[in-house]
1. Would it be correct to say that Gly401 is open to solvent by less than 50 Å² (accessible area, probe 1.4 Å), part of a loop (DSSP other than H, G, I, E, B) and either of a type in the set (S, T, N, Q) or over 28 Å from Gln179 (Cα atoms) (or both)?
2. Could you tell me which of the residues Leu426, Leu404, Leu387, Leu337 is hydrophobic (A, V, I, L, M, F, W, C), at pLDDT 90 or above and in contact with an Asp or Glu (Cβ under 7 Å, 6 or more places away or on another chain)?
3. Any idea which residue in the range 304-347 is surrounded by the most Cβ atoms within 10 Å (Cβ to Cβ), counting only those that are touching a residue at least 24 places away in the same chain (Cβ under 8 Å) and of a type in the set (Asp, Glu)?
4. Which residues, taken from the range 363-390, are more than 12 Å from Val446 (Cβ to Cβ) and exposed (fewer than 14 other Cβ atoms within 10 Å of the Cβ)?
5. Please count how many residues of the range 304-315 are under 18 Å from Ala165 (Cα atoms) and modelled with pLDDT under 90.
6. Mind counting the residues in the range 189-218 that are surrounded by fewer than 20 Cβ atoms within 10 Å (Cβ to Cβ) and under 19 Å from Trp119 (Cβ atoms)?
7. Is it true that Val120 is modelled with pLDDT of 95 or more, touching a Pro at 6+ places or on another chain (Cβ under 8 Å) and closer than 17 Å to Leu173 by Cα?
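The values are calculated or read from the model by the stated rules, or taken from the named source; none is laboratory data. Just so you know, these numbers come straight off a predicted model, no measurement behind them. Because the Cβ atoms are built from the backbone with ideal geometry, glycine has one as well, and the counts that use them run over all protein chains shown. SASA here: full protein model, heavy atoms, side chains in, ligands and nucleic acids out. Shrake-Rupley method; radii C 1.70, N 1.55, O 1.52, S 1.80 Å.
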Amino acid sequence: MSVLSALAKVEAVDAGRAVRTATVRHCHLAEQPLVVIPLHLAGEAAAPLAVLVGTDPDNPRLLVVPQPRDRVLRLRFAEQLAEILLPHIDRYADDTEPVVIDKKTNETIDRCVDAPQIWVPNQAAVTFLKLLGRSLRFRRTEGEDAVAPAIPLVGRWLTWFCDRAEHPGSTALAALTTQLCTHWTTGQSALEDANLTALLGWIAPPDNLTGPQAAARAEDPTICPPAGPATDPGFDNVVLAPLINAYDTVADDIARTRAVQRLEQALRTQLEPTWQLMWQGISLLRALPEGASVPARWAEDVRSFSYYTEIAETQAQSRRDSPTSAVRRLLAREQALERLTAAMAYDDPYVMIERRLGGEACLATVIDSEPARITLSDKGKNVLRPLLRVTTTDPFTPTVGESLHNAAVKNQQAKVLEVDDDTIVLELSGGMGRSTKVPAEGTVNVEGDRIVLARFGPNGNFRAATLPPPEETPWTHGGPPETDEEN
């Protein structure tokens, strides 16, 4: 935990409510997100019990599995879920526009204009949907034990959404508790923050209650049922188990229908409070202005969605990655994480302060500048290289020759020429327009300006390792096997 995070927690405890630690919203929020609240049977990690789903806060749809251990009923539930999820996906998949991918030949492809977004209460719900998708995507649609084609298809889409949820910066599938914790700091532990009711109790406590009081109230399952996917053990023993047993013991259709209705009514009491909390949390996030880099990250989700729409109906994801695929996936996620943390810092002064405390950036004051300085390049040409002299009180120690990024001017770098006590001499390059003699107005800071100098750019400094060609890849990682001559 950083010093700033610790300070925010202390302030939250002192104030009795969460402290906002972001000035902008760092996640995309669709105009019409699909909210999914799943429940599974206790002791059965991949056995669905119920799901409350919908895009309208006032009109959710409840799906129930009256006997989660019954394979046929689980598949029927999956088919009902597909009837909701797949048409929602198709609305986005069918809305495409031509995009130029090669300016020389004007080659174009059809790409989706937007992508669907799913919100779930917590990270545990993401894990459950991943298990559910894995259990469905390999079902056969022909031969013995064949299922409806929609069942493996919805399994493949659930797998895609869950894979995107593991990609840093992606919000195709977003856990509300994770996103709220990115923007607010409470006075409780990270484990307690995973409880949606307790977390919102700190962020927006009910009238006449402080954050700690609201969080303590959230621990009473009779008042605030868990946000899933696990249910309350007391509810399981006293209410759920007798209702499932009642469904199992009746034989005629009318009695079973009544048993299902009683089960639905009981499960609504567990799901509807979380449904209201989900839309409350989404409203809190929507009230924040969107960060400048958020649209670019959402565009990556849209491109990934567009690509997968072409293969979703014909290709299921592999059961496990090959060694090479695993390495590529890991590198992609490491690079995405670097880009995400850097972009958040450039978007949000609060986040940048964290990097300043870590010595990765500093807030500097310009002492003086030489905007029209001309020098010779390595090729012997005159180039515009203005000088800045700055000073800072941050715990930041640059080295001569180091290249910093000036957050005040896009695409501008500042090379450290000299460090004299608390004064730093910088040579600027880039971001000053096309003129080779005079910088564009406002692109060179002047005396008195306060600027942020960072060791990382808006996209981070990550450089992915270059993987060897297939013929040079070791056999342990999918390369060619060793021959007898090599042995």
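1. Here the answer is yes, as Gly401 does meet what is asked.
2. The match here is Leu387.
3. Asp347
4. Ala372, Ile374, Thr375, Leu376, Ser377, Asp378, Lys379, Gly380, Lys381, Asn382
5. Within the range 304-315, residues that are under 18 Å from Ala165 (Cα atoms) and modelled with pLDDT under 90 number 1.
6. Qualifying residue count for the region: 2.
7. Taking the combined requirement at face value, the residue satisfies it.
Table: residues versus (1) buried (at least 17 other Cβ atoms within 10 Å of the Cβ); (2) among the acidic types (Asp, Glu); (3) not in a strand (DSSP E or B).
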{"site": "Trp160", "(1), (2), (3)": "yes, no, yes"}
{"site": "Pro168", "(1), (2), (3)": "no, no, yes"}
{"site": "Thr177", "(1), (2), (3)": "yes, no, yes"}
{"site": "Gly187", "(1), (2), (3)": "yes, no, yes"}
{"site": "Asp220", "(1), (2), (3)": "no, yes, yes"}
{"site": "Gly228", "(1), (2), (3)": "yes, no, yes"}
{"site": "Ala241", "(1), (2), (3)": "no, no, yes"}
